Amino acid sequence: MRCWLFFNRDLGDTVPEAHEVRRFQESAEALDIDLQVLKPSEFDLVVGGADSWSAIYQGRELRKPDLIIPRCGSETAYFTLAVLRHFQRQGVAIVNPPEAIESVADKLHTLQILSAARHPIPKTILGKFPVDVNLVERELGFPVVVKKLRGTRGAGVVLCQDRSQFDDVANLLDGAAPGADFIFQQYIKASHGRDVRVLVIDGRVVASMERRATDGGFKSNISLGGAGTPFEAPFEMAELAIKVASDLQLDVAGIDILFDKHGYRICEANSSPGFQGLERACAVNVPELVFFAMARKYGIPLRHSERWEAMIERAAARVVMPRRSGVKPKPKAEAETAKRTTSLLPRRPKPRPT
């Protein structure tokens, strides 16, 4: 198996998500996968040439890979999307299609898609300057959450407790540079300082972690000092996460779910989720799950695949609680529920022609 991983930066110790890239490298070595970490900006795109395959990186031709794993997240710029579309049209399998990555990088676009699909989300207003404070107070009330349109790991998120605090933040935003877009979002009190990160791979929940703030604040991100513990997701939460990933067209997704007094709300979705805290809390190997699931999905030969089958089944089986009901399901219904909630592995595809 030959694989490319796209990452925008050098792998320094202080670089966000460098840890995750290194984990992919370690797992690739263990699985005998030829993995190259490449910067999308270093490609030269040649469209319309006579050759059926074109990949020029730092001035040299590269062989066609079996799989591309983008790990650029909210920093995915137009050039990166153009590179991904270039290889998508040349028949390379990509973990999360470019159109899905583009949608999820924009928090408001994500919420628009989820709202159209009737998923529960916090009520949200796109920032318009000067800020209409009366509109925000009438539609959302206080406290209110202020977020950058593009951001990750809890950066660029502020909770304004009252109108006075919001006025101060609004005045700062009015003087922000052009293109610094923000959204204003309903505060979900029942989920203050806690949420659940659900990892969905190829339509299956394979890990679930509750995150809690340790300083009394409302942000629970592990990167900001939050604590993560294994979480046995209720059937309804797992089903919601799977549907969200499907509606966003994500093969691999980190779905952040808030607790509400009447159920759950989708906070955010991530196309290249960080998983350092998730692996530590849930004792799963995320890169191996990604490699194996994508190899099965796209019919890519992968050595040692039998070695990981039982592990993936166990990872999925221990995450999701059975559906709660006053009536015990019949054996056939039980089998169907188990199939939907614990099996990561789709039907084995036919081998690809070489």
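Tabulated data
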quantity: Subset tally (residues that are in a helix (DSSP H, G or I) and over 16 Å from Asn96 (Cβ atoms)) for segment 56-81; calculated: 2
quantity: Selection count, segment 183-203, where residues are open to solvent by 30 Å² or more (accessible area, probe 1.4 Å) and modelled with pLDDT under 90; calculated: 1
quantity: Sole residue being touching a strand residue (DSSP E or B) at 6+ places or on another chain (Cβ under 9 Å), at pLDDT 95 or above and under 21 Å from Gln185 (Cα atoms), chosen from Ile266, Ile242; calculated: Ile266
quantity: Tally, over segment 9-36, of residues that are over 19 Å from Glu279 (Cα atoms) and open to solvent by 50 Å² or more (accessible area, probe 1.4 Å); calculated: 7
quantity: In segment 67-87, residue farthest from Phe7 (Cα to Cα) [restricted to those that are without any contact (Cβ under 8 Å) to a residue 60 or more places away in the chain and of a type in the set (A, V, I, L, M)]; calculated: Ala82
quantity: Counted residues, segment 20-38 - those being assigned to a helix (DSSP H, G or I), over 12 Å from Glu288 (Cβ atoms) and touching a Leu at 6+ places or on another chain (Cβ under 9 Å); calculated: 3
quantity: Hits in segment 51-66 - residues which are over 14 Å from Arg2 (Cα atoms) and touching a residue at least 24 places away in the same chain (Cβ under 8 Å); calculated: Ser52, Trp53, Ser54, Ala55
quantity: Top-ranked residue in segment 204-215 [being crowded, with 18+ Cβ neighbours inside 10 Å and not polar (S, T, N, Q); ranked as farthest from Ile69 (Cα to Cα)]; calculated: Ala213
quantity: Residue that is modelled with the highest pLDDT, among those in segment 42-66 that are of a type in the set (Ser, Thr, Tyr) and open to solvent by less than 80 Å² (accessible area, probe 1.4 Å); calculated: Tyr57
quantity: Criterion (within 13 Å of the chain's Cα centre (by Cα), more than 23 Å from Phe182 (Cα to Cα) and modelled with pLDDT of 95 or more) met by exactly one of Ile69, Ile94; calculated: Ile69
quantity: The lone exception for Val319 - which of (1) under 19 Å from Val198 (Cβ atoms); (2) surrounded by 15 or more Cβ atoms within 10 Å (Cβ to Cβ); (3) at pLDDT below 65 it fails; calculated: (3)
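A quick yes/no check of all residues on (1) touching a helix residue (DSSP H, G or I) at 6+ places or on another chain (Cβ under 8 Å); (2) among the aromatic types (Phe, Trp, Tyr); (3) open to solvent by less than 30 Å² (accessible area, probe 1.4 Å); (4) without any contact (Cβ under 8 Å) to a residue 12 or more places away in the chain:
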residue: Val95; (1), (2), (3), (4): yes, no, yes, no
residue: Glu99; (1), (2), (3), (4): no, no, no, no
residue: Leu111; (1), (2), (3), (4): no, no, yes, no
residue: Thr124; (1), (2), (3), (4): yes, no, no, no
residue: Phe129; (1), (2), (3), (4): yes, yes, no, no
residue: Glu139; (1), (2), (3), (4): no, no, no, no
residue: Lys147; (1), (2), (3), (4): yes, no, yes, no
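The values are calculated or read from the model by the stated rules, or taken from the named source; none is laboratory data. As the structure is a prediction and not an experimental result, all values here were calculated from the model. Cβ: placed from backbone, ideal geometry, glycine included. Neighbour counts: every protein chain shown. Please note that ligands, DNA and RNA were not included when accessible areas were found on the heavy atoms of the full protein model with its side chains. Shrake-Rupley method; radii C 1.70, N 1.55, O 1.52, S 1.80 Å.
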